[in-house]
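Notes follow the structure.
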Amino acid sequence: MDSKIIHAACMGAAVTIIATGVAIIEQERNRIYIPKEPRINAIAQWEFYIDSILNRGDRHCIEQIRMKPVVLYKLCDVITSRNLLWSTQNVSMKEQVIVFLQIIGQNQRFFFISGIYYRSVETIHRYFKIILKAVLKLYKHLIKDPEDIVPAEIMNNRRFYSYFKVWEQYQYFYTLINYI
């Protein structure tokens, strides 16, 4: 008789375990899964932000980066043609230039810009320095050196003498800088 009781107890335990397993499997099957994705699609967000700057009209673009979209594209073309800058795997050249112009034109901090573009402060700082170096290399091509000729009406008029004095000092320093 003891073996029948032990057998019945084992069968009861096995049925309980199987019923619990089926209930757990059924509960998992009916569970609503939340996909494990980022809350924000950062790439889509900053692409949307750049498009909103460039495509909302000239006035909005001037307010954001202090130039029209046509001028921005021309600047990007000049920088590319002189081989001073290129797109990287993670940051396009257009984004690099826009970030630079926002920092300069809006007096924004790296931390604020990093939040807008979902990039680290270090990344924003690194690309800011790269663009700054590229723009500084453009000065030779975009800025014309002053001519050494001073019109006679300015040179002979005492009213302009104080300005002429400053001009002489500027020329002196300019020649020193070119000499060095």
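The values are calculated or read from the model by the stated rules, or taken from the named source; none is laboratory data. Treat the numbers as computed from the prediction; the structure is a model and nothing was measured. Reconstructed Cβ throughout: ideal geometry from the backbone, glycine too, with neighbour counts over all protein chains shown. Note: accessible area is taken over every heavy atom of the protein model, side chains too, but ligands, DNA and RNA are not part of it. Shrake-Rupley method; radii C 1.70, N 1.55, O 1.52, S 1.80 Å.
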Study note, to complete from the structure: Simple SL model, points at 7 angstrom along Cα→Cβ for residue 143 and residue 2; separation in nm is 10.4
Exercise for review: Just subtract the alpha-carbon distance of residue 116 and residue 90 from 0.36 nm times their residue separation and send over the number in nm, one decimal.
Suggested key: 7.8 nm
Review point. Using a Förster distance of 22 Å, how high is the FRET efficiency between residue 49 and residue 133, based on the Cβ-Cβ distance and rounded to 0.05?
Key: 0.30
Review point. How large is ³J(HN,Hα) for each residue in the stretch 23-32, as worked out from phi by the Karplus curve 6.51 cos²θ - 1.76 cosθ + 1.60 (θ = phi - 60°), to whole Hz, x for Gly and Pro?
Key: 5, 5, 4, 5, 5, 5, 5, 8, 6, 8
Review point. Once the whole set of protein chains is in place, how much accessible area is left on residue 80, using a 1.4 Å probe, in Å² to the nearest 10?
Key: 70
